Amino acid sequence: MDQRNVRGQVTRDRIVSTSLKLFAELGYTVVSIETVLQACGISRGALYHHFASKDAIFEAVLEEAERRVIAIVLQAGQGASNPLDALRAGCRAWLELAGSDAALRRIVLVDAPAVLGWEKWRAVDDRYALGLIRQCLVMVASEGRMESQMVEVYAHSILAVLTELALLVARSPSVEAMRRAQDAVEQVLSRFVGVEPFSRGSVS
């Protein structure tokens, strides 16, 4: 990559990281292009070289937020002894994020569907969350714990359950809401694969 491309990537990364903070703190409707320009300290031309509109900036911000979520979810499942427990740990981690991380909650769950529309929001979500869930279920099926032809249907079902529960927790973040949401996910997963759910740790 030549020096010009390096500078361009640095500028783009600064726009995305700065906008993520602004959208998280203020919300999409309050943040203007001028707000982003002032916070980044760049010209309007430099911004429009990378992004055609505020919506385009937000979509890039959502992608970055989703990557951060996936990194946390993957970290949560690292110590699991099998793919199913990794999936369970990841689901728990996502629900905990929905209840505790106001920035990710606002961008991923609240503003994203309103700003991008349901179809585009789901398309972004599918590239990250659905793909990860699908990978786990493929491995679960390879162990003979579920039918392989049900992987796609179950992956979509689990994502739908997680999305709705995350919205529920986000609207009313509390220890009790978190426990109920985690219990619901445990029951769904246990029924899909026909085994008892593992014991849940305490909710902080």
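Go through segment 75-95 and give me each residue that's in contact (Cβ under 8 Å) with a residue 24 or more places away in the chain, within 24 Å of GLU176 (Cα to Cα) and surrounded by fewer than 19 Cβ atoms within 10 Å (Cβ to Cβ).
Residue satisfying the conditions is ASP85 alone.
Which ones in segment 105-124 are closer than 21 Å to VAL185 by Cα and either modelled with pLDDT of 90 or more or crowded, with 21+ Cβ neighbours inside 10 Å (or both)?
Within segment 105-124, ARG105, VAL108 meet the criteria.
Consider ALA155 carefully, then state whether it is touching a Lys or Arg at 6+ places or on another chain (Cβ under 6 Å), in a helix (DSSP H, G or I) and either at pLDDT 85 or above or farther than 12 Å from LEU95 by Cβ (or both).
Yes: the conditions hold for ALA155.
Is there any pair with a first residue in segment 52-63 that is closer than 13 Å to LEU22 by Cα and a second that is modelled with pLDDT under 95 and among the small types (Gly, Ala, Ser) whose Cβ atoms are under 7 Å apart and which are 6 or more apart or on different chains, and what are they?
Final answer for the pair search is LEU62/ALA112.
Might you let me know whether segment 131-138 holds any residue that is without any contact (Cβ under 8 Å) to a residue 40 or more places away in the chain, crowded, with 19+ Cβ neighbours inside 10 Å and within 16 Å of the chain's Cα centre (by Cα)?
Scanning segment 131-138 turns up no residue that is without any contact (Cβ under 8 Å) to a residue 40 or more places away in the chain, crowded, with 19+ Cβ neighbours inside 10 Å and within 16 Å of the chain's Cα centre (by Cα).
Every residue, every condition in (1) in contact with a helix residue (DSSP H, G or I) (Cβ under 7 Å, 6 or more places away or on another chain); (2) buried (at least 19 other Cβ atoms within 10 Å of the Cβ); (3) modelled with pLDDT of 95 or more; (4) under 19 Å from ARG106 (Cβ atoms), yes or no:
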residue: VAL10; (1), (2), (3), (4): no, no, no, no
residue: GLY27; (1), (2), (3), (4): yes, no, no, yes
residue: VAL31; (1), (2), (3), (4): yes, yes, yes, yes
residue: THR35; (1), (2), (3), (4): yes, no, yes, yes
residue: GLN38; (1), (2), (3), (4): no, no, yes, no
residue: TYR48; (1), (2), (3), (4): no, no, yes, no
residue: PHE51; (1), (2), (3), (4): yes, yes, yes, no
residue: ALA60; (1), (2), (3), (4): yes, no, yes, yes
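Tally up the residues in segment 135-147 that are assigned to a helix (DSSP H, G or I) and either touching a strand residue (DSSP E or B) at 6+ places or on another chain (Cβ under 9 Å) or within 13 Å of PHE192 (Cβ to Cβ) (or both), please.
4
Looking at segment 155-176, can you tell me whether even one residue there is farther than 30 Å from GLY27 by Cβ and without any contact (Cβ under 8 Å) to a residue 40 or more places away in the chain?
Checking segment 155-176: at least one residue is farther than 30 Å from GLY27 by Cβ and without any contact (Cβ under 8 Å) to a residue 40 or more places away in the chain.
Mind counting the residues in segment 23-45 that are in a helix (DSSP H, G or I) and either within 18 Å of PRO113 (Cα to Cα) or in contact with a Gly (Cβ under 9 Å, 6 or more places away or on another chain) (or both)?
Within segment 23-45, residues that are in a helix (DSSP H, G or I) and either within 18 Å of PRO113 (Cα to Cα) or in contact with a Gly (Cβ under 9 Å, 6 or more places away or on another chain) (or both) number 4.
Within segment 84-96, identify whether any single residue is at pLDDT below 85 and among the basic types (Lys, Arg), and answer yes or no.
no
The values are calculated or read from the model by the stated rules, or taken from the named source; none is laboratory data. Quick caveat, the model's predicted, so the values are computed rather than measured. All Cβ positions, glycine included, derive from the backbone under ideal geometry; neighbour counts span all protein chains shown.
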